[in-house]
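First up is the structure itself, then whatever we jot down about it.
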Amino acid sequence: MMQRKWVALLAAIWVVPALCFAGDWELGAAGGFGVYHYASISAPAGSARVGFGPRFTLAGMAGKDFSHHLGGEFRFSFEDADPALTSGRQRTTRDGYSEGAHVDLLVYPSQRASHLKPFLSLGTGFKYYKATAPAAGLPLANFSALNVASQAEPLITLGGGIKYAFRRYWLLRLDFRDYTTPYPGNLITLAPGAKLNGWVHSFVFLVGVSHAFGGRCDLAPTA
């Protein structure tokens, strides 16, 4: 917990001064839903899938545009994702969640003045996974056990979206992100002879609102 607080503090120390330089920048928040693509486990008993159940997602962002075609953004997200292990009709789960922090490069393909501003995004950071409550459901001990544990993993983000200016300084945002990490190994104990294959993908759809500012740090729009 202390490690994550220091990481968040260092990120804020880096991001806030960067936003003070001249250029358009924005602060915003969003909410949505995340669906996971599971990793796989191969074992003498057959195969299983391990990942996280679909749950709601919350996010906050701070960013700025550097030019007509490029921008940058720091984003923090929370996903209420429960670790899950499935094989056929058998399933076992634990309560859990994940938190992610990443920096994205935004690319705006069009330079035309418009209320609509589509963009592509590519970024990197880290994601922290946490499993809490005791396991529920049918055990799958011939593949793996789900642990009460936590682990941080490197994160790659890829996606895009649209910004829509519905009034001066206010933007409606529609975002899609693919959050990709290795599966956090601390959250499972593999059965003898079992192997973990693949990474986990979290496909997240978000709707949010952000406020645009000029090149000032007084949190007030320029005239």
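With every protein chain left in place, what is the accessible area per residue of the stretch 70-176 in square angstrom, probe 1.4 Å? Show your work: numbers first, answer last.
On the way: 5340 Å² over 107 residues.
In whole numbers, the stretch 70-176 has 50 Å² accessible per residue.
Tell me, in nm to one decimal, what length is gained between His68 and Phe56 on full extension, where the rule is 0.36 nm per residue of separation less the Cα-Cα distance?
Working: separation 12, 0.36 × 12 = 4.32 nm, distance 3.28 nm.
So the chain would gain 1.0 nm between His68 and Phe56.
What is the stretch 81-133 by shape, rounded, prolate or oblate, if you read a ≥ b ≥ c off the alpha carbon gyration tensor as root eigenvalues and call it rounded for a/c under 1.5, prolate for a/b larger than b/c, and oblate otherwise? Walk me through the numbers before you get to the answer.
Working: a/c = 4.07, a/b = 2.51, b/c = 1.62.
Here the stretch 81-133 falls in the prolate category.
Let me make sure I get this right: for the stretch 125-167, a, b and c are the square roots of the gyration tensor eigenvalues over alpha carbons, sorted descending. Under 1.5 in a/c it's rounded, otherwise prolate if a/b > b/c, else oblate. Which is it?
On the way: a/c = 3.09, a/b = 2.47, b/c = 1.25.
Prolate.
What residues have an amide H closer than 5 Å to that of Phe52, excluding those fewer than 5 places away on the same chain, when H is modeled at 1.01 Å from N in the peptide plane?
Result for Phe52 returns Ala84.
Using a 1.4 Å probe and ignoring any ligands, DNA or RNA, find the accessible area of Val107 and quote it in Å² to the nearest 10.
Roll a 1.4 Å probe over it and Val107 shows about 60 Å².
Could you let me know the centre-to-centre spacing of the stretch 132-147 and the stretch 148-178, using Cα atoms, in angstrom?
Going from one Cα centre to the other spans 32 Å.
Restricted to Cα positions, what overall size does the stretch 73-205 have along the principal axes? Three whole-Å values, descending.
For the stretch 73-205, the Cα extents along the three principal axes come out at 60, 25, 23 Å.
Give me the percent of the accessible area of the stretch 90-176 that comes from carbon and sulfur atoms, probe 1.4 Å, all protein chains in place. Kindly include the intermediate steps, with their values, before the conclusion.
On the way: 3010 of 4600 Å².
With neighbouring chains kept in place, the figure for the stretch 90-176 is 65 percent.
Contact order normalised by length for the stretch 38-197, with contacts defined as Cα pairs under 8 Å and 6 or more residues apart; what percent is it?
Details: 421 pairs, mean separation 35.0, N = 160.
This gives 22 percent for the stretch 38-197.
The values are calculated or read from the model by the stated rules, or taken from the named source; none is laboratory data. Quantities reported herein were computed from a predicted structural model and do not represent experimental measurements. For accessibility, only protein heavy atoms count, side chains too; no ligands or nucleic acids. Shrake-Rupley method; radii C 1.70, N 1.55, O 1.52, S 1.80 Å.
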